[in-house]
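The structure under discussion appears below in the form of structure tokens.
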Amino acid sequence: MTDPATYGDPLAALLTRVRECELCAGHLPLGARPVLQMDSRARILIAAQAPGRKVHETGIPFNDASGDRLRVWLGISREVFYDARQVAIVPMGFCYPGTGTSGDLPPRPECARAWHGELLPHLQHLQLTLVIGQYARAYHLPAEAGTLTEVVHAWRENWPNRIPLPHPSPRNNLWLKRNPWFEEELIPVLQARVAEVLAQDR
């Protein structure tokens, strides 16, 4: 992963503070381990939910089955995905929130309140935001009403700068089966848009 500090990026000091954050540690079953990826030169932002257990263990965002599927959806390699100069990954919650009765718990709300207002303005070259899941949708697309499925189905309303997506978790296999239009209609144009953004001169 690219370390912004290597390039003298002023964002580096802020990222150090974020990665040392223990604001909600008392609510986390495995303790605090903030996981995110940023560089001020990134053109794509992945606005996701919160790390899962495997991501918590490795400290690498989307280093799991969800990440494998997401990279397929985007049509990019792990090398490109983990190049912070190209792709920023800023979830709604930076730490693993624990597991509930039907999957992982919601992202802790403290992260967005404490850090997003400081972090996101550093993304001055952003051209595409991928809004993944209902909690990211509520933050990044607050004006969009309806269910997540309805918002994703109406993706053209935010094209080409913001694209709502379901979570790529294997738990959403049934959703994908019930909504074949997503992979047939949206994924091809999503991949083309990602390629277009990444191909531009830096």
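The values are calculated or read from the model by the stated rules, or taken from the named source; none is laboratory data. These numbers were taken from a predicted model, which means no experiment stands behind them. Positions of Cβ are generated from backbone atoms using ideal geometry, with glycine treated the same way; all protein chains shown enter the neighbour counts. Only protein heavy atoms, including side chains, enter the accessible area calculation; ligands, DNA and RNA are left aside. Shrake-Rupley method; radii C 1.70, N 1.55, O 1.52, S 1.80 Å.
Report the residue count in the stretch 81-105 for those that are surrounded by fewer than 16 Cβ atoms within 10 Å (Cβ to Cβ) and at negative phi.
Adding up the residues that qualify gives 4.
Condition test on residue 178, is it among the basic types (Lys, Arg), out of contact with any Lys or Arg (no Cβ under 9 Å at 6 or more places or on another chain), in contact (Cβ under 8 Å) with a residue 60 or more places away in the chain and surrounded by fewer than 16 Cβ atoms within 10 Å (Cβ to Cβ)? Lay out the reasoning, then the answer.
On the way: among the basic types (Lys, Arg): yes; out of contact with any Lys or Arg (no Cβ under 9 Å at 6 or more places or on another chain): yes; in contact (Cβ under 8 Å) with a residue 60 or more places away in the chain: no; surrounded by fewer than 16 Cβ atoms within 10 Å (Cβ to Cβ): yes.
Considered against the rule, which asks whether it is among the basic types (Lys, Arg), out of contact with any Lys or Arg (no Cβ under 9 Å at 6 or more places or on another chain), in contact (Cβ under 8 Å) with a residue 60 or more places away in the chain and surrounded by fewer than 16 Cβ atoms within 10 Å (Cβ to Cβ), residue 178 comes out as no.
So, of the residues in the stretch 53-62 that are outside any helix (DSSP H, G or I) and surrounded by fewer than 21 Cβ atoms within 10 Å (Cβ to Cβ), which turns out to be nearest to the chain's Cα centre (by Cα)?
60
When the stretch 115-142 is examined, which residues are found to be open to solvent by 40 Å² or more (accessible area, probe 1.4 Å) and more than 15 Å from residue 84 (Cα to Cα)?
117, 118, 121, 134, 135, 138, 139, 142
All but one of (1) within 29 Å of residue 160 (Cα to Cα); (2) touching a Leu at 6+ places or on another chain (Cβ under 6 Å) hold for residue 72; which doesn't?
Result: residue 72 fails condition (2) only.
Based on this model, can you work out whether residue 198 counts as more than 27 Å from residue 57 (Cα to Cα), at pLDDT 95 or above, open to solvent by 10 Å² or more (accessible area, probe 1.4 Å) and touching a strand residue (DSSP E or B) at 6+ places or on another chain (Cβ under 7 Å)? Can you show your working first?
Numbers: more than 27 Å from residue 57 (Cα to Cα): yes; at pLDDT 95 or above: yes; open to solvent by 10 Å² or more (accessible area, probe 1.4 Å): yes; touching a strand residue (DSSP E or B) at 6+ places or on another chain (Cβ under 7 Å): no.
Against the criterion (more than 27 Å from residue 57 (Cα to Cα), at pLDDT 95 or above, open to solvent by 10 Å² or more (accessible area, probe 1.4 Å) and touching a strand residue (DSSP E or B) at 6+ places or on another chain (Cβ under 7 Å)), residue 198 does not qualify.
What pairs can you find where one residue is in the stretch 18-46 and under 10 Å from residue 96 (Cα atoms), the other is part of a loop (DSSP other than H, G, I, E, B) and of a type in the set (Phe, Trp, Tyr), and their Cβ atoms are less than 7 Å apart, with a gap of 6+ or different chains?
28/96; 30/96; 34/94; 35/94
If a residue has to be without any contact (Cβ under 8 Å) to a residue 60 or more places away in the chain and open to solvent by less than 80 Å² (accessible area, probe 1.4 Å) to count, how many in the stretch 146-173 make the cut? So that I can check it myself, show each step before the final result.
Within the stretch 146-173, the first condition is being without any contact (Cβ under 8 Å) to a residue 60 or more places away in the chain, and the residues that meet it are 146-164, 166, 172-173.
Restricting the remaining residues to those that are open to solvent by less than 80 Å² (accessible area, probe 1.4 Å) gives 146-149, 151-152, 154-155, 158, 160, 163-164, 166, 172-173.
Adding up the residues that qualify gives 15.
I'd like to check which helices (runs of 4 or more DSSP H) are fully inside the stretch 145-202 and have at least 3 residues that are within 13 Å of residue 70 (Cα to Cα).
Output list reads 187-199.
Kindly indicate whether any position in the stretch 112-119 is assigned to a helix (DSSP H, G or I), in contact (Cβ under 8 Å) with a residue 60 or more places away in the chain and over 16 Å from the mean Cα position of the chain (by Cα). Reasoning before the result, please.
Narrowing the stretch 112-119 to residues assigned to a helix (DSSP H, G or I): 112-119.
If we keep only those that are in contact (Cβ under 8 Å) with a residue 60 or more places away in the chain as well, we get 114-115, 118-119.
Checking which are over 16 Å from the mean Cα position of the chain (by Cα) leaves us with 114, 118.
Taking every residue of the stretch 112-119 in turn, at least one turns out to be assigned to a helix (DSSP H, G or I), in contact (Cβ under 8 Å) with a residue 60 or more places away in the chain and over 16 Å from the mean Cα position of the chain (by Cα).
Output yes when any residue across the stretch 32-44 is crowded, with 16+ Cβ neighbours inside 10 Å and in a helix (DSSP H, G or I), and no when none is. Steps first, please.
Of the stretch 32-44, the ones crowded, with 16+ Cβ neighbours inside 10 Å are 32-44.
Narrowing the set further to residues that are in a helix (DSSP H, G or I) leaves none.
No, the stretch 32-44 has no match at all.
Filter the stretch 69-80 down to the residues that are open to solvent by 50 Å² or more (accessible area, probe 1.4 Å) and either touching a residue at least 60 places away in the same chain (Cβ under 8 Å) or in contact with a Gly (Cβ under 6 Å, 6 or more places away or on another chain) (or both), then identify the one that is nearest to residue 125 (Cα to Cα).
Here is the first cut: in the stretch 69-80, the ones open to solvent by 50 Å² or more (accessible area, probe 1.4 Å) are 69, 72, 75, 77-79.
After this cut, where a residue has to be either touching a residue at least 60 places away in the same chain (Cβ under 8 Å) or in contact with a Gly (Cβ under 6 Å, 6 or more places away or on another chain) (or both) as well, the list is 69, 75.
On the way: 69: 26, 75: 21 Å.
Only one residue tops the list, namely 75.
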